Amino acid sequence: MTLEKRIIDLYENPQRDYNDEDRKLFEAFVQGLNTGEIRACEKQGETWRVNLWVKKGILLGFRMGNLVEYPLSEYKSFFDKDTIPEKRFDLKNKVRIVPGGSSARTGCYVASGVTIMPPSYINIGAWIDSETLIDSHVLVGSCAQIGKRVHLSAGAMIGGVLEPIGSRPVIVENDAFVGGNTGIYEGIIVKERSVIATGTIINSSTPIYDSVNVRFLERDDSGSYSIPAGAVVVPGSRCLKNNPDFHVYCPIIIKYRDAKTDSAVVLESELRS
């Protein structure tokens, strides 16, 4: 029986008393998440597919775990399930973690060449590809998928999703630039080379207007939005239908990426070496 089938079998028997073999199975599953061999969501052709069994495995870890104390020092501890401790890095991972309070849960994948500025947090199931910069006060939520050479600026919130279990996580594709104090939630896909301007909030409930093509984006098959490749998105507003004196928030695609945009968001290779 494959790891996937064994995880599903355990998840679908919630009354089971978990034994040492069950815990070893979960440890093997987490190891696959840590190395990037197992992903909560992955691209097949041009389509992102949610691996539902992976979310079941993560939830299984919460279910079978016991609350324990993890001492940080003589004076401070944190308390979490014994199945999901803090992720441990070492030099061979080639991840640059600047001191100052960053943390990651086991079961997240962080590729070599990633830089993590303090304080930042990466949750279980997240997948972060090489040469990406996680700036200060960034949250990468559970199962979020972040591509290569992405810049997540200070204060960016990348929402996670473990429930509802079938929901798609937030996905930020290669070479995207996410500005400071942004929020991207509820299964939004930010396609490659897109730029999300400072302070922009994007979720599945707020329509997104493409001013270049003079239309609102349509929701995709997952009921959320995909920001087109190379789009530059800024905060905006639109009139209320029943009262044009009032406005509601509306992200706007103001243009598509050009040479001027490239120069404004250029990544310095020295920061990623």
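A short reminder: the numbers here are calculations on the coordinates, not readings from a lab. What you see is a predicted model; the values in this text were computed from it and never measured. A quick note on method: Cβ atoms are made from the backbone with ideal geometry, for glycine too, and the neighbour counts reach across all protein chains shown.
Of note:
- Among the trypsin sites (Lys or Arg not before Pro) found in segment 1-85, those both in a DSSP coil and sparsely packed, with 13 or fewer other Cβ atoms within 10 Å of their Cβ, are 16, 76.
- Principal axis dimensions, segment 3-71 - Cα atoms, whole angstrom, descending: 42, 32, 16
- Of all beta bridges that DSSP places with both ends in segment 120-273, some 30 percent have antiparallel geometry.
- Mean residue ellipticity (222 nm) of the chain, computed from DSSP H runs ≥ 4 via -39,500 (n - 2.57), nearest 500: -5000 deg cm²/dmol
- If only the Cβ of Lys and Arg carry +1 and only the Cβ of Asp and Glu carry -1, the dipole of the chain around its Cα centre is close to 340 debye.
- Per-residue Cβ neighbour rank within 10 angstrom, fewest leading, 143, 239, 41, 250: 239, 250, 41, 143
- Distance between modelled label sites at residue 91 and residue 215, nm, 7 Å Cα→Cβ extension: 5.5
- Order of 62, 79 - criterion: other Cβ atoms within 10 Å of each residue's Cβ, fewest first: 79, 62
- Cross-link pairs 81/191; 5/81; 92/260; 43/92; 56/76 - those with Cα-Cα distance over 29 Å: 81/191; 92/260; 56/76
- Where GluC sites (Glu not before Pro) in DSSP loops with at most 12 other Cβ within 10 Å are excluded, longest remaining stretch of the chain: 75-217
- In nm, spacing of pseudo-spin labels at residue 27 and residue 165 (7 Å Cα→C-beta vector): 2.5
- Distance from segment 32-85 to segment 139-169 (C-alpha centre basis), Å: 14
- Rough spin-label spacing in nm, given labels placed 7 Å along Cα→Cβ, for residue 18 and residue 75: 3.4
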